[in-house]
Structure formats: C-alpha cells, structure tokens
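Structure record follows, encoded as structure tokens.
The values are calculated or read from the model by the stated rules, or taken from the named source; none is laboratory data. Since the structure is predicted, the reported quantities are computational estimates derived from the model, not experimental observations. Because the Cβ atoms are built from the backbone with ideal geometry, glycine has one as well, and the counts that use them run over all protein chains shown.
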C-alpha cells in the first residue's frame, strides 16, 4: 500500500509517499481501506515539532512514529477476533490507531475509536469530524457547561474547530456570536451564528456585550481581556491558541488556574480525547443535518505535502481533507 512517511522533523517537503506492508489488525482492531482523511493542526505539529512538547512526546531528535493522519473515514476490510460492532463492508469514521497512519491507503484503528458513518454523509465529510468536532463538543458541553439560552462567543469561528463549535452550540439552543475575518463571515452565518463580529473592523473586547461562555478555538487575546467579556459567573474555555513556547503555554495554564481560583469567572483548558460515546453523539448530529462539516479544500493523497503546507499557514476556513480512495 502507499503511505505518506517521514523520518525527520521539518517542513512538508520531508514527507514522501512510500510502499508499506498493509497492517494486520490486532484482536480489538479494525483494518480500514481509507477513503478520506482530514488534516489537523495536530499533524502539522508532529511533522514540524514546532512546539518542544512534541519532541518530548514523539521523539527528541527524530520522530518515533513515521506516519501522520489521525482522522479517517473508510470501509472495513478485516476485523480482529474480539471486534463485535463492525464487520467487513461497513463504512466507518474515527481515529487511526495511535493517532497516526491515516495518510495511507489502509490503516488499523481500535474498535472503540470508530463509529458507523451515516449513509447521508460522504467519506470526506465524515473524516473531517473526529478531532475537531470532539474538541468543540467536549469544550462546550463538558468544560463550558453550555445550556439552552446561553450567550456564547466563539473566537476563531471560521476554522475546523470553530465551525463545529458554532453548530454544536446551536444544537444546545445557545445564542452564538462568531468572531472571524471579513472573508469568513458568510461561513459563520451559514453555520448558524446568530451574530458575527469581523475582527478586522471591530474589537469584541470593546463591546458592552458580556457572555456566559467564551469558546476560544483559536485566539491570542490575553486572559484578562477574555475575563472582561464574561458574565460574573461565566466560563472561558481555551481549546486553542497561537503559542508554541513551552514557557508561554505553562505560564498561560498557571495564569488561568490562578484567575479561576481568585474569582467567580472560570477558565478551562483541555485536550480532547476521542470517545466512542461522543462519536455516537456526533454521528446523530451528522445524520440529522444539525452538523455539516465545512470543507474548504480537498487534496489527493499524493499532494499531502501541499495539504499540510496550507494547514500550517494557519488560514484554513473550515477543514482540509485528503481524498484517498
């Protein structure tokens, strides 16, 4: 099979397509023929090691894993002896084993990291969902305690996580204000935002409006600025940001902890985990039409370097997807 591989950290040019043996699923695993895979900032960070924490997790001098690609959608080819939920021929979506290997023609995934693909959703749309939509769901529901009628601000509303956050917040019955650039205002409106703020024209911090929940999908404003925009018992959920410095990341986490301890306004930061129960929730939203992935660009597998280069530039509006089969 063909797979995108790399043996050293660096720009997308270090990636190459190579022939690899088709993997064999273990007892609790499923082998998929990959039809589509989405490209995440997660992949960019592991490719470039632009944050030192990546080297601590993935290899100090060179990557321990030589493949990329967590989000996948495809057709089951074979199953391990302990798998009960899927059988060959089923269409599924989820994450690849170990969060890598999806940029290939075949990949193994654990049964618990997969869900059935709705028949009314394409492989490309399904592949766009797992990490980004799980981040939005867990941030809004679990950390942000979203409820019907909540006034929610989504900062970084036009990216992969942000477009899902708008739609998921609306599914809870919230009133959503989206912060994005001029060119992405129509996208935010299509996703269901009740109001939009074009940050090139207006600073949301200067508004009198206060919010029950601020979801930061991508933003570099200070925590004190976010706090100013919260209701007295409001919550700010930090799901993304611009810093790759270990000192700044740890400093931000410490500041968020201290501000939460010394006031009624709370700050929550987290890293999403892929849970079968949450994939089931997302599947239902996809099937009902309440969740419609926004795909900005599609690339073939042999253009994976171009796809990563575009994601790494940081201006993708929605998701970037590889079409494999």
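Matching residues to (1) at pLDDT 95 or above; (2) closer than 22 Å to residue 151 by Cβ; (3) over 22 Å from the mean Cα position of the chain (by Cα):
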{"residue": "228", "(1), (2), (3)": "no, yes, yes"}
{"residue": "250", "(1), (2), (3)": "no, no, no"}
{"residue": "255", "(1), (2), (3)": "no, no, yes"}
{"residue": "259", "(1), (2), (3)": "no, yes, yes"}
{"residue": "262", "(1), (2), (3)": "no, no, yes"}
{"residue": "301", "(1), (2), (3)": "yes, no, no"}
{"residue": "312", "(1), (2), (3)": "no, no, no"}
{"residue": "321", "(1), (2), (3)": "yes, no, no"}
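Whether any residue in the stretch 210-217 is surrounded by fewer than 17 Cβ atoms within 10 Å (Cβ to Cβ) and modelled with pLDDT of 90 or more is what I want to check. Yes, the stretch 210-217 contains at least one residue that is surrounded by fewer than 17 Cβ atoms within 10 Å (Cβ to Cβ) and modelled with pLDDT of 90 or more. The residues of the stretch 86-104 that are out of contact with any helix residue (DSSP H, G or I) (no Cβ under 9 Å at 6 or more places or on another chain) and on the phi > 0 side of the Ramachandran plot, listed by number, are 89, 98, 101. Being crowded, with 20+ Cβ neighbours inside 10 Å and either part of a strand (DSSP E or B) or modelled with pLDDT under 95 (or both): is that true of residue 121 here? Against the criterion (crowded, with 20+ Cβ neighbours inside 10 Å and either part of a strand (DSSP E or B) or modelled with pLDDT under 95 (or both)), residue 121 does not qualify. For the stretch 315-325, taking the residues that are in contact (Cβ under 8 Å) with a residue 40 or more places away in the chain and not in a strand (DSSP E or B), the one that is farthest from residue 104 (Cα to Cα) is identified as 317. Only residues that are surrounded by fewer than 24 Cβ atoms within 10 Å (Cβ to Cβ), under 11 Å from residue 283 (Cα atoms) and in contact with a helix residue (DSSP H, G or I) (Cβ under 6 Å, 6 or more places away or on another chain) were counted across the stretch 105-118, and they come to 1.
Under the condition of being farther than 19 Å from residue 265 by Cβ and in a loop (DSSP other than H, G, I, E, B), the residues counted in the stretch 150-183 number 6. Tell me which residues, restricted to the stretch 279-309, are touching a strand residue (DSSP E or B) at 6+ places or on another chain (Cβ under 9 Å) and either surrounded by fewer than 19 Cβ atoms within 10 Å (Cβ to Cβ) or not in a helix (DSSP H, G or I) (or both). Within the stretch 279-309, 280, 293, 294, 295, 296, 297, 298, 299, 300, 302, 303, 306 qualify. Among the residues of the stretch 76-104, the ones that are touching a residue at least 12 places away in the same chain (Cβ under 8 Å) and over 22 Å from the mean Cα position of the chain (by Cα) come to 14 in all. A residue that is in a strand (DSSP E or B), closer than 18 Å to residue 132 by Cα, at pLDDT 95 or above and not assigned by TED's automatic domain parsing to the domain that holds residue 135 can be found somewhere in the stretch 38-53.
From the list 196, 187, the one residue that fits, being in a helix (DSSP H, G or I), buried (at least 18 other Cβ atoms within 10 Å of the Cβ) and in contact with a helix residue (DSSP H, G or I) (Cβ under 7 Å, 6 or more places away or on another chain), is 187. No other residue among 10, 69 is outside any helix (DSSP H, G or I), at positive phi, buried (at least 20 other Cβ atoms within 10 Å of the Cβ) and in contact (Cβ under 8 Å) with a residue 12 or more places away in the chain apart from 69. The lone criterion from (1) farther than 17 Å from residue 281 by Cβ; (2) surrounded by fewer than 21 Cβ atoms within 10 Å (Cβ to Cβ) left unmet by residue 46 is number (2).
Need the failing condition index for residue 185 against (1) farther than 22 Å from residue 311 by Cα; (2) without any contact (Cβ under 8 Å) to a residue 60 or more places away in the chain, just the number. Of (1) farther than 22 Å from residue 311 by Cα; (2) without any contact (Cβ under 8 Å) to a residue 60 or more places away in the chain, only one is false for residue 185: (1).
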